[in-house]
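Visitor: Please find one structure pasted underneath; my questions will follow.
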Amino acid sequence: KNIRVMQYPEDKDKTDLELAIDEALNMKPQILMIYGALGKRLDQTLSSIQMLSHIADHRVGVFCVGEKEACAVVNGPSEFGLGIPNDDSLDKTISIFSLTDVSLVEASQGLKWPYTNTAITNSMSLGVSNVITANPMKIKVKMGKILLVFSSELLGK
């Protein structure tokens with residue numbers, strides 16, 4: 001009931017995910033949750049991350065949830081918070097990557113290695129394998145666009 005199915009030619013210039021995102025953005029959502037777009041093929045995963053970046057350009061919150069990992073994109077200036085389950089057995093590793101030449105993380109809360117006016121570039125490994133130590137974890141992005149990668153368990157999956 002009330003499910004609209006759209007069909008497109010097999011040979012097209014956009015992926016199925018991009019077409020679905022275009023439709024979703026037309027509905028003016030505040031947040032999008034995308035499932036099943038991570039992990040099968042590297043090229044498809046990278047394309048999915050590019051699509052998350054596109055969604056963030058529209059100032060829509062976005063999570064992409066895979067079997068083991070999830071990711072989110074934060075487009076500065078903005079703040080991102082992640083409330084996590086109170087379970088010490090969960091993997092609380094979080095990595096931060098810049099999707100722009102330079103991103104400036106103004107502040108963070110609840111991380112083992114905090115950020116204060118920290119520049120992260122798209123050609124460095126700074127930001128890999130941090131650890132969430134407090135709930136909620138918060139990151140304030142002053143400029144640029146960052147990708148957060150963390151265990152999908154943290155979303156209650």
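The values are calculated or read from the model by the stated rules, or taken from the named source; none is laboratory data. Everything quoted here is computed from the prediction, not taken from an experiment. Positions of Cβ are backbone-derived with ideal geometry, glycine not excepted, and every protein chain shown enters the neighbour counts. Ligands, DNA and RNA are excluded from the accessible area calculation, which covers all protein heavy atoms including side chains. Shrake-Rupley method; radii C 1.70, N 1.55, O 1.52, S 1.80 Å.
Visitor: Which ones in the stretch 57-114 are out of contact with any Ser or Thr (no Cβ under 9 Å at 6 or more places or on another chain) and of a type in the set (Ser, Thr, Tyr)?
Guide: Correct list: Ser78, Ser89.
Visitor: Among the residues of the stretch 116-143 satisfying the criterion of being of a type outside the set (A, V, I, L, M) and in contact with an Asp or Glu (Cβ under 8 Å, 6 or more places away or on another chain), which is nearest to Leu82 (Cα to Cα)?
Guide: First, the residues of the stretch 116-143 that are of a type outside the set (A, V, I, L, M): 116-118, 121-123, 125, 127, 129-130, 133, 135-136, 138, 140, 142.
Okay, now just the ones that are also in contact with an Asp or Glu (Cβ under 8 Å, 6 or more places away or on another chain), so 116-117, 121-122, 138, 140, 142.
Values: Thr116: 18, Asn117: 20, Thr121: 23, Asn122: 23, Lys138: 6, Lys140: 12, Lys142: 18 Å.
The extreme case among them is Lys138.
Visitor: Could you give me the residue pairs with C-beta distances under 8 Å whose first residue belongs to the stretch 116-132 and is on the phi > 0 side of the Ramachandran plot, whose second residue is acidic (Asp, Glu) and surrounded by 12 or more Cβ atoms within 10 Å (Cβ to Cβ) wherever it lies, and which are 6+ apart or on separate chains?
Guide: Asn117/Glu106
Visitor: For the stretch 56-95, how many residues are under 10 Å from the mean Cα position of the chain (by Cα), free of Cβ contacts under 8 Å to residues at least 40 places away in the same chain and more than 23 Å from Gln109 (Cβ to Cβ)?
Guide: 1
Visitor: Still on this model: Report the residue count in the stretch 14-23 for those that are free of Cβ contacts under 8 Å to residues at least 12 places away in the same chain and either open to solvent by less than 60 Å² (accessible area, probe 1.4 Å) or under 18 Å from Ile3 (Cβ atoms) (or both). Talk me through it step by step, then tell me what you get.
Guide: Taking the stretch 14-23 and keeping what is free of Cβ contacts under 8 Å to residues at least 12 places away in the same chain, we get 14, 16, 20, 22.
Checking which are either open to solvent by less than 60 Å² (accessible area, probe 1.4 Å) or under 18 Å from Ile3 (Cβ atoms) (or both) leaves us with 16, 20, 22.
Within the stretch 14-23, residues that are free of Cβ contacts under 8 Å to residues at least 12 places away in the same chain and either open to solvent by less than 60 Å² (accessible area, probe 1.4 Å) or under 18 Å from Ile3 (Cβ atoms) (or both) number 3.
Visitor: All but one of (1) open to solvent by 30 Å² or more (accessible area, probe 1.4 Å); (2) under 29 Å from Lys142 (Cβ atoms); (3) touching a strand residue (DSSP E or B) at 6+ places or on another chain (Cβ under 7 Å); (4) not small (Gly, Ala, Ser) hold for Tyr35; state the number of the condition that does not hold.
Guide: Single failed check for Tyr35: (2).
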